[in-house]
Structure formats: structure tokens, C-alpha cells
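Notes to accompany the following structure.
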Amino acid sequence: MEQRIATTRLADGSRVAYAVVGRGPVLVHAPGWLTHLELSWAMPPERALYESLAQGRTVVRYDKVGCGLSGAAERVPSMELELETLDAVVRAVGASRFDLFGASLGAAVAAAWTAGHPARVSRLVLYGGWVRGADIAAVRVREHVLGLIAEHWGLGSDVLADIFAPDADAATRAAFVRYQREATTPQTARAMLALAYDLDITDLLANVQAPTLVLHRDHDRAAPLEQARLLAAGIPGARLEVLTGRDHLPYIGDLDAIVQAMRGFLGLSPLRSVPGTSVTRRQYEVAQLVAQGLTNRDIAGRLGISERSAESHVERIRARLGFRSRSQIAAWVVAGGRSGPDEVR
């Protein structure tokens, strides 16, 4: 699959980038932590989540203001800004009624938006969410993490990777750390996490009228299971499904369980397996050299081929993986991209 990227603007002129992939009724994803449409598409496990949902749905994702491909943030992150951004994206894609999927902080945003637009959301999926941010960690822990992000973003992103994805393999963990650092500034990252700790949607839950599925891993290290129980109890008719695992990121750990639970709730048929992306062994060799920062001329000299052949290999890699830039190829390699076992040079 290849994602199509476009932009829209908020009332104050702030630019918001969004991506569309797949076919079928619209499923909008309200993101949780920091976002980067290109780097997330280059991470094999995260891309697998979106491609799994895009088989039968048109999946719409977006970068928050101040993150990824969206414009610089002129406003401090807030629930109002989050809701305004989601509203602008659904308006831009022309979705009058759609399914909505919110993860982590995005679960609160999705629930709040649904409460305010009862006729617009067909089905609501909330993963890894919480009702009151003050209850997801002790005060001293919150202050420590916020201070770490502000004073040492490099170390802060490492710590958050341990919290959000303790079971990620080394390649995926390294890619996620890089992803966070490149997604935004430490100031925006800190403000986004402060928002997560400050929000409280207790009074909004009773106004959610859409059929709702609440998904949560039993030992999620970032959001206690009790918060999922409160979400499900507060939303009329909501169903809670507890999954096994401790990773907060939905695409780390048992991704298949999350995909199949979501597809079943959305009325989609089960998948035999979660999609994966691969290239030929020669293309992977070229991709590794791209990740090392080599130019096409350098690659040609290293492999003993013409510069034109090296350029062709790079273009084929981009086409095969649905990438737009060399940086995505590099990110894909770092995240553990692979060659197909049945491919030949």
C-alpha cells in the first residue's frame, strides 16, 4: 500500500499534514504520543498496524500541530487544539460519518470528540487510554519524566521508549527513539506529555453514544488497567477487552490480537496474518548503504555497478515500500526492515 499525504489548515492558519491509505469506509486514527507520518510509515510494525486496518477501510492519520510534517506549533498543546485538529482533518477528507480509533492520549481526544459529535461517529475504538491523567503515575514520577524531557531530550526519549515499548526488539526500539527525537522539539514533547497528565474526561464519557470497544493490555506500563475499566464503565454500553502484554504502543507485542479485535468490532473479516513489507536481497543491500548516508555514486562504487543502476535500485525500493524519501528508507532499515527469503538478486 502507498499512503497519500496532503495538508489542511486550522482557523488560525496552522498547517496540519494528514495521510490516507486503503479503500472503504473511513476510519480516522487520533494519535497518542508524538507523530511523524513518514517515519511511522517506515517502521515495519507500526506500518503493519495501519495496513492491517486499511484492508476494508480508508485509514486517515495525521501529524499533530508542531509534529512531523505539520507546521511549527504557535500554541501550547491543549485538548482544544487536539479537538480542533481532528475536526480539521475529518473536514478535509470529507468524512461526514466515520469510525474513530484513538490510542493513548488519542483515546481521550477520540472520546471527547465523539461526545461532542454524537451523529458523526459510527463506531469508536479506544486503546491504552485513561480518564484522568493525574492517575496514571505518581506526582514524583510525572515531574521526573517531564524534567528529563526538558533538560535532556536524548535521555528522555530513551526512558520513554522503555516505558512505552519494553518488549520491542533492539532495532525497533532504536527506531522509536529516533522517531521521537525527529518528530518534534523537546519543548513540544514536554508540553504534550504535560497535557496527557493534566486531562480529565470524566464528565464527557456519559455523552458518548457510539458503540465503543475499549482495548487495553493487562500490564501496560504507561496506563494502568484500572483506567480502561473506568473508561468502559463511564461510556454507556462500552465493551472492555483486556489483552495480554505490557507494551503501551499498540504495534509492539501481540499486534495480531489488537488487529483481529478491532477488525471484528468494525465488521471486517479476520486476516490470516499481519501484513509485512520486504525487498529483494540486492535492494536490501542498497537500502543498508542508503541508511549509512551513501549517495548513489557512492553506492555504485561500493557495489561495482553504474550510478544509473544504483539510482534505479533506490527508486524501486521507494516504489516497493511506498516511500517518498531516502530518509524513510534509512528509517526502515534502522527499524529492522528486511529482504524476502524467497527473493533473488
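Please treat every number below as a calculation from the coordinates, not as lab data. Keep in mind the model is a prediction, meaning the values are calculated, not measured. Positions of Cβ are backbone-derived with ideal geometry, glycine not excepted, and every protein chain shown enters the neighbour counts.
Report summary: the helix-based calculation at 222 nm, which adds -39500 (n - 2.57) for every DSSP H run with n ≥ 4 and divides by the residues of the chain, gives -14000 deg cm²/dmol. Pairwise Cα separations in the stretch 111-217 fall into 10 Å bins from 0 onward with the following percentages, short to long: 13, 35, 32, 19, 1.
The trypsin sites (Lys or Arg not before Pro) of the stretch 1-76 that DSSP puts in a loop, and whose beta carbon has at most 15 other beta carbons within 10 Å, are R75.
For the chain, set up a GNM with springs between Cα atoms under 10 Å and report which of R282, R316, R308 has the largest fluctuation. Result for the chain, Cα springs under 10 Å: R308 fluctuates most. Descending by average beta-carbon neighbour count within 10 Å, the peptides 217-223, 125-131 line up as 125-131, 217-223, the highest first. The relative contact order of the chain comes to 19 percent, based on Cα pairs under 8 Å that sit 6 or more residues apart.
Computed over the Cα atoms of the stretch 278-339, the ratio of the radius of gyration to the Kirkwood radius (Rg/Rh) comes to 0.92.
In the chain, what percentage of the DSSP-assigned beta bridges are antiparallel, given to the nearest 5? Beta bridges within the chain, antiparallel portion: roughly 35 percent.
The Kirkwood hydrodynamic radius of the chain, based on inverse pair distances between different Cα atoms, is 20.6 Å.
By the Stokes-Einstein formula, at 0.692 mPa s and 37 °C, the stretch 76-115 with its Kirkwood radius over alpha-carbon pairs has D equal to 313 µm²/s. What you get for the chain, charging only the Cβ of Lys and Arg (+1) and of Asp and Glu (-1), is a dipole of about 1040 debye around the Cα centre.
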